[in-house]
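Trainee: The structure that follows is given in the form of C-alpha cells.
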Amino acid sequence: MTTQVPTNKANAAPRWSWHNPSLRAWLYQLILLAVVGWAVWFLVSNTLANLAARNITTGFDFLQREAGFAVSESPVAYRSSDSYSRVIWVGLLNTLKVSALGIVLATLFGSLLGMARLSPNWLLSRLAGLYVEVVRNIPLLLQLFFIYALITESLPRPRQALQPLPGVFLSNRGFAMPSLDTVSAQWFWGGVAAAILLCIGLGHWARRRQEREGRSFPFWRVSLIVLITLPAGLVWVMSPHAALSVPQLQGFNFQGGTTLSPEFAALLIGLVVYTSAFIAEVVRSGIQSVTRGQWEAAEAIGLSRTQQLRLVVMPQALRVIIPPMTSQYLNLTKNSSLAVAIGYPDIVSVVNTGINQTGQAIEGILIIMAAYLTVSLSISVLMNLYNRRMALVER
C-alpha cells in the first residue's frame, strides 16, 4: 500500500506570478536577448553612419576588382592583374600549406620529445625537459624574429651558397632544391595522396586482422614501401618524359628547381619548434596516465619495449592525448597569422594589403575571421570524429 503526499496547492506560485521560477527564467533570457540585439543594432548603425560620413562604400564588390600587387610565393598561378578574390585565395592556400606541414612535423617532433622526457637516460630526459621549459616560456613572435634573422643573416649570399647535397643550395635567399616539371609534379603528389589513403586502409585491415587472428602485420615497413614506390611508379608510367629541374645560379639568385623562401622556412620552423614543446607535455601526460600494470602485463607476454609502447600503451594513452592535442593544432593554425611580422604572404598579409588599397577594413577583417573560423571548425570536427572512434565503448 502506497501513501501519497498531499501537495499544498495554496502555496504553489501562480503560473503568471513573479514567484514562478520558470517565468523568471524566461523573462531574464528575453531581457538578455533584447540587450544583445540592441548592442548589435547600435554597433552596426553607428558603423554604417561613420562610413557614410567618410564616403567609404561598403560591401564585397571590391573582390572582383584588380588587386594590382604581386605575391612573393603562390601555390597556384597568380598575376598582379588578378582580382582580390584570387589573391585572398592564394593567401588562404599559403596559410593552409604552412599549417598542415606544421601540424605533421610538430606532432612527430613533439611525440619524440614527450617520449624522451620519460626516457631512463638521465641526460636525454633532462635535455628534453630543458628544451620544453625554454621554448614554452619565450613568446612565439620573438622566436620567429630570431629564426628569420638567423636565416637571412647567418647564411651566405647565393654566390657563396652552401651545398650540403648535389643540387641543393642554402643561402639567405632560401633553400633551392631540384624539382619535377609541372605535369610530373602533379602526378607525383597525386601518387602521394593515393599512397596515404592506401596506407590508412592497410592499417585498418591490419588492425582488424590482428584482432581476429592474433597475427601482426609489418605495417610500417609496407607503408614506407608504398609511399616510395607508388608516387615514383605513377610518374614513371603516366609521365615517362619527366624532367628534373636543377637550380642554377643565374645573376644574383638561383633559377630552376623549387625554392623555399626564408619567410616560409622561418615561419614553419618557428611553429614546429614552439608547438612541439606543448605537444611533448601532452604526450608525456598521456603515457603517464597508463598504469604501470599495463607495462608489466605487456612485458609478461614477451613484447619488446617498442611493442609495449605501440601496441598496449599508446592506444590507451591516445584517449587522454587527443582532446588537448586538438587545442594545440588549433593554436598552431591561429599562430600562423604571425607570418605578417616576417613578410610571409598568408591570408592576413594579403588581406591587410587589400585593406590599405581599398579601405574596406571591416569586410577584410570579416574575411580573415571567416577563414580562420572555417579552418578551426574543420580541424575540430575531424579530431572529434577521431576522438569518438578511439573512445572506450561502454557496455
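The values are calculated or read from the model by the stated rules, or taken from the named source; none is laboratory data. What you see is a predicted model, and the numbers here were worked out from it, not measured in a lab. All Cβ positions, even for glycine, are placed from backbone atoms using ideal geometry, and neighbour counts span all protein chains on display. Surface areas here come from the heavy atoms of the whole protein model, side chains and all, with no ligands, DNA or RNA. Shrake-Rupley method; radii C 1.70, N 1.55, O 1.52, S 1.80 Å.
Trainee: Looking at region 45-59, can you tell me whether even one residue there is under 30 Å from Ser349 (Cβ atoms), within 33 Å of the chain's Cα centre (by Cα) and in a helix (DSSP H, G or I)?
Mentor: No, there is no match, as no residue in region 45-59 is under 30 Å from Ser349 (Cβ atoms), within 33 Å of the chain's Cα centre (by Cα) and in a helix (DSSP H, G or I).
Trainee: May I pose another question? Only residues that are of a type in the set (S, T, N, Q) and open to solvent by less than 60 Å² (accessible area, probe 1.4 Å): list them for region 204-225, please.
Mentor: Scanning region 204-225 gives a single hit, Ser223.
Trainee: Need the failing condition index for Gly201 against (1) over 30 Å from Phe145 (Cα atoms); (2) open to solvent by 50 Å² or more (accessible area, probe 1.4 Å), just the number.
Mentor: (2)
Trainee: Another one. Mind checking which residues of region 235-260 are open to solvent by 50 Å² or more (accessible area, probe 1.4 Å) and either part of a helix (DSSP H, G or I) or without any contact (Cβ under 8 Å) to a residue 12 or more places away in the chain (or both)?
Mentor: Correct list: Trp236, Val237, Met238, Pro240, His241, Gln248, Gln250, Gln255.
Trainee: If a residue has to be surrounded by 13 or more Cβ atoms within 10 Å (Cβ to Cβ) and farther than 24 Å from Ser276 by Cβ to count, how many in region 157-171 make the cut?
Mentor: 6
Trainee: Follow-up question, since we're still on this one. Among Ser179, Ser184, which is the only one that is in contact with a strand residue (DSSP E or B) (Cβ under 8 Å, 6 or more places away or on another chain) and of a type in the set (Ser, Thr, Tyr)?
Mentor: Ser179
Trainee: Which numbered condition in (1) part of a helix (DSSP H, G or I); (2) touching a residue at least 12 places away in the same chain (Cβ under 8 Å) is the only one that Tyr78 fails?
Mentor: Every condition holds for Tyr78 apart from (1).
Trainee: Filter region 93-114 down to the residues that are touching a residue at least 24 places away in the same chain (Cβ under 8 Å) and open to solvent by less than 40 Å² (accessible area, probe 1.4 Å) and list them by number.
Mentor: Once the filter is applied, which keeps residues that are touching a residue at least 24 places away in the same chain (Cβ under 8 Å) and open to solvent by less than 40 Å² (accessible area, probe 1.4 Å), region 93-114 yields Asn94, Thr95, Val98, Ser99, Gly102, Ile103, Ala106, Thr107, Gly110, Ser111, Leu113, Gly114.
Trainee: Exactly one condition in (1) open to solvent by less than 60 Å² (accessible area, probe 1.4 Å); (2) over 28 Å from the mean Cα position of the chain (by Cα) is not met by Gly174; state its number.
Mentor: Gly174 satisfies every listed condition except (2).
Trainee: In the list Leu180, Leu141, which residue meets the criterion of being surrounded by fewer than 17 Cβ atoms within 10 Å (Cβ to Cβ) and among the hydrophobic types (A, V, I, L, M, F, W, C)?
Mentor: Being surrounded by fewer than 17 Cβ atoms within 10 Å (Cβ to Cβ) and among the hydrophobic types (A, V, I, L, M, F, W, C) holds for just one of Leu180, Leu141, which is Leu141.
Trainee: Next question, about the same structure. Return the residues of region 360-371 that are over 13 Å from Tyr84 (Cβ atoms) and either open to solvent by 30 Å² or more (accessible area, probe 1.4 Å) or not in a helix (DSSP H, G or I) (or both); say none if nothing qualifies.
Mentor: Hits for region 360-371 are Ala361, Ile362, Ile365, Leu366, Met369, Ala370.
Trainee: Scan Val340, Val290, Val320 and give me the residue that is within 19 Å of Asn387 (Cα to Cα), open to solvent by 50 Å² or more (accessible area, probe 1.4 Å) and touching a helix residue (DSSP H, G or I) at 6+ places or on another chain (Cβ under 8 Å).
Mentor: Val320 is the lone residue from the list that is within 19 Å of Asn387 (Cα to Cα), open to solvent by 50 Å² or more (accessible area, probe 1.4 Å) and touching a helix residue (DSSP H, G or I) at 6+ places or on another chain (Cβ under 8 Å).
Trainee: Take Gly354 and decide whether it is open to solvent by less than 60 Å² (accessible area, probe 1.4 Å), touching a residue at least 40 places away in the same chain (Cβ under 8 Å) and among the small types (Gly, Ala, Ser).
Mentor: yes
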